[in-house]
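J.: Input: one structure, supplied below.
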Amino acid sequence: MRLGILGGGQLAWMLAQAAEPLGVSVAVLDPSPDCAAGRIADHVVAAYDDPAGLDEVSKGADVVTYEFENVPAAAVTRLAEHGVPVLPFPASLTITQDRAREKELMAGLGIKVAPYALIDSADDAAAALDKVGAPGILKTRRLGYDGKGQVRVKTADDLPAAIAELGGTDLIYEGLITFTRELSVVVARGTDGSLAVYPPVENEHRDGILACTLAPAPELAPDQAELAQAVGVSVAEALDHIGVLCVELFDTPDGIVANEIAPRVHNSGHWSIEGAVTSQFENHVRGVLGLPLGDPSARGVAAMVNIVGTEPELAALLAIPGASVHTYGKSPRTGRKLAHVTLVADSVDALAVPLARARVLCDAAWDA
Ligand SMILES: Nc1ncnc2c1ncn2[C@@H]1O[C@H](COP(=O)(O)OP(=O)(O)O)[C@@H](O)[C@H]1O
Ligand SMILES: [Mg+2]
């Protein structure tokens with residue numbers, strides 16, 4: 001079997017790694033000549049909307065999938081014209097490319113989300129403040145990631161300037177949720193509707209970027225864990241999503257509030273390579289190719305620490321007992337995800353010391 005992937009970054013790289021032992025060959029489309037996945041997959045160097053590039057990446061492919069949600073609609077149309085299935089289906093993209101449609105979908109499913117109002121001009125500020133109040137967060141509806149395209153609004157007076165800063169139109173203003181921590185849930189869904197639901201995890205962010213994931217989320221009450229998983233399942237089913245998706249959540253004293261949906265493998269699922277029986281990457285490959293899904297259960301407890309900006313010395317990381325290092329081969333740049341390290345142990349206690357060592361090294365690299 002053969003899989004085409006739109007995007008050749010680290011997510012595609014880990015998808016290609018998961019595909020390899022299954023005998024599935026991979027081609028990626030990515031304009032960057034030195035993209036992470038290009039090291040191990042056939043690499044078509046072209047823009048995502050380049051017709052010849054799309055033809056090339058889908059040549060001989062059973063399915064084409066994607067590693068990022070901002071796939072141009074024209075790309076999907078071009079692939080569909082050739083009769084190559086694109087999975088997840090385009091509906092997963094069109095809804096999740098737009099924070100407003102994403103929130104509308106979840107609210108319609110009875111999932112708790114932050115209060116929100118749409119802003120298309122400075123004139124919408126007053127009505128948005130009436131509905132949502134302050135403080136809040138103003139976000140672009142499209143193309144935001146890692147905290148980019150967002151402005152915190154402390155008081156009502158700050159909203160007009162924030163609107164101007166983000167371009168004045170196509171914005172969403174959300175009430176600020178007071179959360180105790182952030183969680184996420186990863187769900188894989190097969191072409192037959194079968195499900196593999198990972199245990200919900202706890203995520204710590206820094207500068208708007210994921211810094212650390214603990215899996216499963218420590219001390220999450222069983223009813224809240226079930227609720228988080230039910231949120232993931234109902235979103236996957238509502239989208240008729242095939243493959244992996246992730247829902248980011250806030251844990252609050254009043255229960256779980258959903259934040260956003262990623263229609264793809266997710267950074268908060270990287271722990272599953274070593275920490276789960278079947279990783280999110282393998283389950284995405286299995287799901288889109290119509291193969292049976294694997295077991296998403298955790299093997300013990302895991303922590304994943306992101307390496308951002310610069311990389312710690314490899315030898316120092318590998319000196320931590322049980323550390324598994326994944327290096328994406330990207331050049332260092334402030335705020336850029338370069339690698340991650342995963343630790344797996346039998347208990348939260350046994351994880352504490354190696355995790356602390358990894359955090360010290362990775363935090364220092366982030367600061368450098
Ligand atoms: N409504 C909100 N209330 C409180 N914090 C929020 C809210 N929306 C976003 N955040 C914070 O900002 C981070 C990034 O926002 P998010 O909507 O996840 O965008 P991105 O696509 O950049 O990840 C979240 O992980 C959370 O820490
Ligand atoms: Mg997010």
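The values are calculated or read from the model by the stated rules, or taken from the named source; none is laboratory data. Only a predicted model underlies this, so the values are computations on that prediction, with no experimental measurement involved. FYI the Cβ positions are ideal-geometry reconstructions off the backbone, even for glycines, and counts take in every protein chain you see. To get the accessible areas, we keep the full protein, side chains included, count just its heavy atoms, and leave off ligands, DNA and RNA. Shrake-Rupley method; radii C 1.70, N 1.55, O 1.52, S 1.80 Å.
J.: Please give, to one decimal in nm, the separation of the simple spin-label points placed at Ala230 and Ala364, each 7 Å out from Cα toward the Cβ.
T.: Distance between the two pseudo-spin positions: 4.7 nm.
J.: Quick query: amide H of Val308 versus all other amide H atoms, modeled in the peptide plane; which residues come in under 5 Å with a sequence gap of 5 or more or a different chain?
T.: Answer set, sorted by chain and number: Leu338, Trp366.
J.: Could you give the length gained by full extension between Asn70 and Leu143, i.e. 0.36 nm per residue of separation minus their alpha carbon distance, to one decimal place? Intermediate results must be reported in sequence, preceding the final value.
T.: On the way: separation 73, 0.36 × 73 = 26.28 nm, distance 0.68 nm.
Between Asn70 and Leu143, full extension yields 25.6 nm more.
J.: Quick one: what are the phi-derived ³J(HN,Hα) couplings along region 48-53, Karplus 6.51/-1.76/1.60 with θ = phi - 60°, whole Hz, x for glycine and proline?
T.: Those phi angles translate into 5, 10, 7, x, 5, x Hz.
J.: Contact order normalised by length for region 304-352, with contacts defined as Cα pairs under 8 Å and 6 or more residues apart; what percent is it? Display every interim value, and only then the final one.
T.: Values: 70 pairs, mean separation 21.9, N = 49.
Normalised by residue count, the contact order of region 304-352 is 45 percent.
J.: Residues with amide H under 5 Å of Ile242's amide H, sequence separation 5 or more or different chain, H placed in the peptide plane at 1.01 Å from N; which?
T.: Phe89
J.: Can you give the relative contact order of the chain as a percent, counting alpha carbon pairs under 8 Å and 6+ residues apart? Could you put the intermediate results ahead of the total?
T.: Values: 848 pairs, mean separation 49.0, N = 368.
Relative contact order, the chain: 13 percent.
J.: With the crude spin-label approximation of a point 7 Å out along Cα→Cβ, what separation in nm comes out for Ser25 versus Glu204?
T.: Roughly 4.5 nm, to one decimal.
J.: Now a separate question. Pull out a ≥ b ≥ c, the square roots of the eigenvalues of the alpha-carbon gyration tensor of the chain, then state rounded if a/c is under 1.5, prolate if not and a/b is larger than b/c, and oblate in the remaining case.
T.: Values: a/c = 1.42, a/b = 1.13, b/c = 1.26.
Rounded, because the longest to shortest axis ratio a/c is under 1.5.
J.: Follow-up question, since we're still on this one. Could you tell me what percent of the accessible area of region 5-130 is made up of carbon and sulfur, with a 1.4 Å probe and every protein chain present? Show your work: numbers first, answer last.
T.: Values: 2830 of 5240 Å².
About 54 percent, which is the carbon plus sulfur part of the accessible surface.
J.: Also: Using Cα pairs closer than 8 Å and at least 6 residues apart in sequence, work out the relative contact order for region 267-368, in percent. Show your work: numbers first, answer last.
T.: Values: 179 pairs, mean separation 30.0, N = 102.
Averaging sequence separation for qualifying contacts and normalising by length gives 29 percent for region 267-368.
J.: With the other protein chains left in place, how much accessible area per residue, in square angstrom, belongs to the chain at a 1.4 angstrom probe? Write out the running numbers ahead of the final one.
T.: Details: 14930 Å² over 368 residues.
Value for the chain: 41 Å² per residue.
J.: Counting only pairs 8 or more places apart or on different chains, how many lysine pairs in region 45-160 have C-alpha atoms closer than 23 Å?
T.: Lysine pair count for region 45-160: 12.
J.: Let me ask you something else. In region 135-175, what percent of the accessible surface is made up of carbon and sulfur (1.4 Å probe, ligands and nucleic acids excluded)?
T.: Details: 1110 of 2080 Å².
So the carbon and sulfur contribution to the accessible surface is 53 percent.
J.: By the gyration tensor of its Cα atoms, with a ≥ b ≥ c the square roots of the eigenvalues, what is the shape of region 294-342: rounded for a/c under 1.5, prolate for a/b over b/c, or oblate?
T.: Numbers: a/c = 2.77, a/b = 1.61, b/c = 1.73.
Verdict is oblate for region 294-342.
J.: Still on this structure, I have one more. Give me, ordered by chain and number, the residues 5 or more places off Phe250 or on other chains with an amide H under 5 Å from its own placed amide H.
T.: Here Leu183, Val257, Ala258, Asn259 satisfy the definition.
J.: Here is a follow-up. For the peptides 260-271, 304-315, what is the packing order when you average, over each peptide's residues, the other Cβ atoms within 10 Å and list the highest mean first? Spell out each step's value before the answer.
T.: Working: 260-271: 25.9, 304-315: 19.6.
In descending order of packing, they fall as 260-271, 304-315.
J.: What ranking do 81-92, 184-195 get when scored by the average of other Cβ atoms within 10 Å per residue, highest first?
T.: Details: 81-92: 17.1, 184-195: 21.2.
Put in order of decreasing packing, that is 184-195, 81-92.
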